[in-house]
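Read the figures in this text as sums done on the coordinates, not as results from a lab. Keep in mind the model is a prediction, meaning the values are calculated, not measured. Backbone-built Cβ (ideal geometry, glycine too); neighbour counts: all protein chains shown.
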């Protein structure tokens, strides 16, 4: 896309879930910059997804829309099968879609718990299962799951979110063992406090309190998370699998 950038993912097809904004959009943009044709998944924000696709195209990359709810197993399977039918392959899957519904456990609603599980954990399972079919046939593939620093360190008011992200890390390791014989790697990225729309909405005092815990003394950027994902999705990470890469400025060691 930009003049002197290498394109190690040229000819590859990638799917990024939850890619209409924030970290997901940055990941889609970075993979496209490295040569991949990227399917930009979204559930409801079509305008933002179209904007992401247009921005990638304007920069010389290739992208397309991939609308489906990751929590709907049948919809995810059909969408991924359609993507494979159109392009004959799926080389990279990035499971980024996720939601956070914060609240103390004594007041937490069962319906909210189930929605977080459906999106954050079951959604990853649905997409991995569908993508693995194509990758196993090709005897090649990269799966990168986006988790969170809270999966390891915990966070008050985020028990369901932390539980699902920890679950994704367990799923990552299990699938890494299961799919390794087909030359498919499965890894995860665990971001810390990243500068996104969500963190921008925090009160100034809350932001300062979080920053005080980060040894590097600043927020991470979506581009830094995207670069880590792109590394694990690329040829240089061929001997890395079952790994959770922390991108957290030292927040948790």
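Brief remarks on what is shown
- As a rough footprinting exposure proxy, the listed residues 126, 87 were ranked by other beta carbons within 10 Å of their own, and the order from fewest upward is 87, 126.
- Here each label is just a point 7 Å from Cα along the line to Cβ, and for residue 212 and residue 7 those points are 5.0 nm apart.
- Report note on the peptides 94-101, 129-136: ranked by the mean count of other C-beta atoms within 10 Å, highest first, their order is 94-101, 129-136.
- Helix 123-138 axis versus longest C-alpha principal axis of the chain: approximately 20°, rounded to the nearest ten.
- Computed helical MRE - 222 nm, the chain, DSSP H runs ≥ 4 contributing -39500 (n - 2.57), nearest 500: -13500 deg cm²/dmol
- Sequence of 119, 92 once ranked by neighbouring C-beta atoms within 10 Å, starting from the fewest: 119, 92
- Descending semi-axes in Å of the chain, equivalent ellipsoid built from Cα gyration tensor: 27, 21, 18
- Principal-axis tilt of helix 73-87 within the chain, Cα atoms, nearest 10 degrees: 40 degrees
- Shape category assigned to segment 163-231 from the gyration tensor of Cα positions, a/c cut at 1.5: prolate
- Two-site label geometry, residue 104 and residue 59: point separation in nm, points 7 Å out along Cα→Cβ: 4.3 nm
- Using alpha-carbon coordinates, inclination of helix 159-179 to the longest axis of the chain, degrees: 30 degrees
- Beta bridges by DSSP in the chain, antiparallel share as percent, to the nearest 5: 0 percent
- Residues 251, 219, sorted so that the one with the fewest Cβ neighbours within 10 Å comes first: 219, 251
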